[in-house]
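Following: one structure in structure tokens, then a few remarks.
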Amino acid sequence: MDKLDHYRACIQTLLEQHSQYSSDNEDVESELFFDSVRDHYQLMRVGWKGLKRIYHTVIHFDIKDDKIWLQQNTTDIDVGQELQDMGIPKEDIILGLHPAYKRPYTGYGVA
């Protein structure tokens, strides 16, 4: 398996695992979006809580220039560490949710 296929598989596995966390509200569903052509991957929560619409991106990854970009993480879980545990080098994980000037201080990759 080449590097990009490995990265895609790791991201999809991670998102599938996180989609299994149940919500207290059965009217809110987890939805997974895998675009392996353009390399965009998301876990969303969609539904209703009473009269309030729930439409929320939980985790969003992109793959750009052979690196995994974490674009959104609204959990309290270090998904960067989970990717490392799956064999992804720390320097290939970019915290895109931080501005470029902060990235050298995150301990992860810089792009």
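When Gly87, Gly96, Gly80 are checked against the criterion of being touching a Lys or Arg at 6+ places or on another chain (Cβ under 8 Å), modelled with pLDDT of 95 or more and among the small types (Gly, Ala, Ser), Gly80 stands alone in meeting it. Of the residues making up region 78-94, those that are part of a loop (DSSP other than H, G, I, E, B) and either without any contact (Cβ under 8 Å) to a residue 60 or more places away in the chain or crowded, with 19+ Cβ neighbours inside 10 Å (or both) are Asp78, Ile88, Pro89. So, in region 7-37, exactly how many residues are of a type outside the set (Asp, Glu), outside any strand (DSSP E or B) and either within 15 Å of the chain's Cα centre (by Cα) or surrounded by 15 or more Cβ atoms within 10 Å (Cβ to Cβ) (or both)? Of the residues in that region, 15 qualify. For region 66-76, state whether one or more residues are touching an Asp or Glu at 6+ places or on another chain (Cβ under 6 Å), at positive phi and buried (at least 16 other Cβ atoms within 10 Å of the Cβ). Checked against the condition, which is being touching an Asp or Glu at 6+ places or on another chain (Cβ under 6 Å), at positive phi and buried (at least 16 other Cβ atoms within 10 Å of the Cβ), region 66-76 yields no hits at all. I'd like to check something: does region 68-77 contain any residue that is touching a residue at least 40 places away in the same chain (Cβ under 8 Å), part of a strand (DSSP E or B) and within 17 Å of Thr13 (Cα to Cα)? Yes: one or more hits. Pairs linking a residue in region 9-38 that is in contact (Cβ under 8 Å) with a residue 12 or more places away in the chain to a residue that is among the hydrophobic types (A, V, I, L, M, F, W, C) and part of a loop (DSSP other than H, G, I, E, B), with Cβ atoms under 8 Å and 6 or more positions apart or on different chains, are Cys10/Met86; Cys10/Ile88; Thr13/Met86; Leu14/Met86; His18/Ile77.
Contact annotation: residue pairs with Cβ atoms under 7 Å, 6 or more positions apart or on different chains, pairing a residue in region 95-111 that is within 15 Å of Asp78 (Cα to Cα) with a partner that is polar (S, T, N, Q), are Leu95/Thr106; Gly96/Gln71; Leu97/Gln71; Leu97/Gln72; Leu97/Asn73; His98/Thr106.
The values are calculated or read from the model by the stated rules, or taken from the named source; none is laboratory data. No experiment lies behind these values; they were computed from the predicted model shown. Every residue, glycine as well, gets a Cβ built from its backbone with ideal geometry; the counts of neighbours run over all protein chains shown.
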